[in-house]
Amino acid sequence: MTRTDLLIVGAGPAGLTLAWKAAEKGLRVTVIDKKKSADQAAYLTSASFINLREWGIPDEIAQPIDTLHLASRNAFVTVHGLGQMINRRKLLAFLAQQAERRGAQLWFQSTVTDVRIEREGIQRITVASQSATHDFSATVFADCSGVGRVLEQYFQLVPQRRVKQALGVECLVPLRSEPHTIDLYFGSHFGRGYGWLFPLDGRTAILGYGTLDQAKFRNAPRLLDRMFEFRRVSARAEHTVLEVNGGIFRSGAPLRQFHHKNLILVGDIALQGNPVIGEGLRFVMDAARMAADAVTQAIQDNDLTALGRYSATWVKTYYHQYRAGYLTQLFTSLLTAQDRLCDETVRRLRRLPPHALLRTIHGEVGYDNAIKKLLAVCLARISMRYLFRGRVAAPQP
């Protein structure tokens with residue numbers, strides 16, 4: 001039996017950041033993940049507004065972005081003053097290095113095969129690696145496994161009725177021009193989805209398609225390939241696919257509690273990716289830092305109720321804007337099926353003050369009156385359109 005203070009399942013941005021910050025505070029930390037190495041990633045799209053200096057992230061991990069081109073079928077708007085495109089693989093390697101330097105133990109190619117639970121919570125887990133089977137016990141366990149739900153599934157802490165699954169498919173292509181500009185496209189031609197073109201560096205870019213509509217999951221590769229028919233996409237990127245990636249992501253109405261007995265949830269499993277702009281890195285890493293503070297306090301005081309500080313801090317900091325973001329996400333899903341409404345929304349975005357639009361892109365939705373008015377107008381248009389359709393379709397007496 002190997003004893004540790006904090007055992008983390010999942011070595012993504014959430015798990016590795018939690019390991020780094022907890023080990024930095026002097027805790028004994030162990031991380032378990034089934035992937036082969038820290039820098040293995042299922043997908044690469046990671047545009048972010050994270051403060052690189054605050055986290056000590058090297059500049060070579062990020063590609064600066066200064067322009068956003070947002071387009072519907074017949075309208076577009078350009079926004080200046082953004083953030084950066086993060087090389088996800090390099091970031092994961094950096095986070096793993098920071099965690100190991102502080103003494104965290106990282107176990108890759110390891111799978112949780114058994115979980116023993118008692119009244120006090122999780123007592124131990126059994127992990128199978130390539131060569132042997134190991135038992136681990138810990139004061140606190142953290143599930144950062146995303147859609148894997150390795151530990152959360154035993155307690156059902158996240159009501160599945162609240163979870164919205166999103167699909168993202170991407171391909172890496174050679175980049176021809178505008179290495180500091182990202183493109184976002186939406187409209188009926190995406191079938192309640194959206195497309196993007198993000199520079200990964202000065203030579204390559206990520207072309208991607210995402211949707212919340214599960215009926216479109218099977219057609220996602222075809223819809224992604226059709227993006228090469230867009231004049232702007234073909235002008236900026238070559239139709240030469242270097243790599244293909246994709247995965248299922250968890251979104252939904254935000255939670256208020258992320259702990260139960262001696263288990264905490266951090267990252268996608270806790271629906272902590274921003275539901276509007278899709279950014280997981282900045283918000284997830286911040287949540288991991290909050291969790292590390294609470295875990296340290298709980299272990300130092302020998303009082304697991306201190307884990308509640310993590311949930312309370314996150315709710316105070318992010319809950320209201322996540323709630324607004326989730327409602328906006330549902331609204332956008334309806335909006336993308338109507339080209340005229342998409343076009344009108346983009347044209348109205350042009351009239352917004354630059355600071356209001358930037359706040360929304362940064363994930364700070366729900367706090368700006370201009371954004372609230374825009375959403376209200378568009379929602380009213382959608383409602384009237386559906387009411388009008390219902391009257392037209394009604395049988396004549």
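The values are calculated or read from the model by the stated rules, or taken from the named source; none is laboratory data. If you're wondering where the values come from, they're calculated on a predicted model, not measured in any experiment. Backbone-built Cβ (ideal geometry, glycine too); neighbour counts: all protein chains shown. Ligands, DNA and RNA are excluded from the accessible area calculation, which covers all protein heavy atoms including side chains. Shrake-Rupley method; radii C 1.70, N 1.55, O 1.52, S 1.80 Å.
For an R0 of 35 angstrom, estimate the FRET efficiency from the Cβ-Cβ distance between GLN160 and ALA235 and round to the nearest 0.05.
Details: r = 43 Å, r/R0 = 1.23.
That gives a FRET efficiency of 0.20.
May I ask what percent, to the nearest 5, of DSSP beta bridges between residues of the stretch 1-112 are antiparallel? Mind dumping the intermediate values first?
Working: 10 of 17 bridges.
In the stretch 1-112, DSSP labels about 60 percent of beta bridges as antiparallel.
Classify the stretch 97-176 from the C-alpha gyration tensor, please: rounded if a/c falls under 1.5, else prolate or oblate depending on whether a/b exceeds b/c. Walk me through the numbers before you get to the answer.
Numbers: a/c = 2.20, a/b = 1.30, b/c = 1.70.
Because a/c hits 1.5 or more and a/b fails to exceed b/c, the stretch 97-176 counts as oblate.
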**Study point:** Option label - Cα extents along the principal axes in Å computed here, alternatives [x] 60, 56, 55; [y] 71, 55, 38; [z] 56, 45, 42
**Key:** [y]
**Study point:** Alpha carbon convex hull of the stretch 1-91, projected area averaged over orientations, nm²
**Key:** 8.2 nm²
Point to revise | GNM top mover of ILE206, ILE264, ILE361 - the chain, alpha-carbon springs below 10 Å | key: ILE361
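Beyond a 30 Å Cα-Cα separation, which of these cross-linked pairs lie in this structure: LYS216/LYS316; LYS35/LYS261; LYS25/LYS164?
LYS216/LYS316; LYS25/LYS164
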Exercise for review: Just the number, please: percent antiparallel of the DSSP beta bridges in the chain, rounded to the nearest 5.
Suggested key: 70 percent
Point to revise | Length added when fully stretched, ARG226-SER333, from 0.36 nm per residue minus Cα-Cα | key: 36.5 nm
Exercise for review: Could you do me a favour and compute the accessible area per residue for the stretch 1-86, 1.4 Å probe, result in Å²?
Suggested key: 39 Å²
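Tell me, in nm to one decimal, what length is gained between ASP301 and ILE248 on full extension, where the rule is 0.36 nm per residue of separation less the Cα-Cα distance? Before the final figure, lay out each step's value.
Numbers: separation 53, 0.36 × 53 = 19.08 nm, distance 3.85 nm.
Extra length from ASP301 to ILE248 when fully extended: 15.2 nm.
Could you check how much of the accessible area of the chain is carbon and sulfur, as a whole percent, using a 1.4 Å probe?
Numbers: 9060 of 18180 Å².
After summing per-atom areas, the C and S share lands at 50 percent.
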Review point. Picking from GLU364, GLU152, GLU243, which is most flexible by a Gaussian network model of the chain using Cα springs under 10 Å?
Key: GLU243
Check your understanding: Restricting attention to the stretch 6-76, which trypsin sites (Lys or Arg not before Pro) occupy a DSSP loop and are surrounded by at most 12 other Cβ atoms within 10 Å?
Key -> LYS36
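Using helices alone, what [θ] at 222 nm do you get for the chain, with -39,500 (n - 2.57) per DSSP H run of 4 or more residues, divided over all residues and rounded to the nearest 500? Intermediate results must be reported in sequence, preceding the final value.
Working: 10 runs with 138 residues, N = 397.
My calculation for the chain gives -11000 deg cm²/dmol from helical runs alone.
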Point to revise | Reachable aspartates and glutamates from LYS21, criterion Cα separation under 12 angstrom, eight or more residues apart if same chain | key: GLU100, ASP286, ASP293
Check your understanding: Applying 1/(1 + (r/R0)^6) with R0 = 35 Å to the Cβ-Cβ distance of ARG323 and HIS180, what FRET efficiency is obtained, to the nearest 0.05?
Key -> 0.60
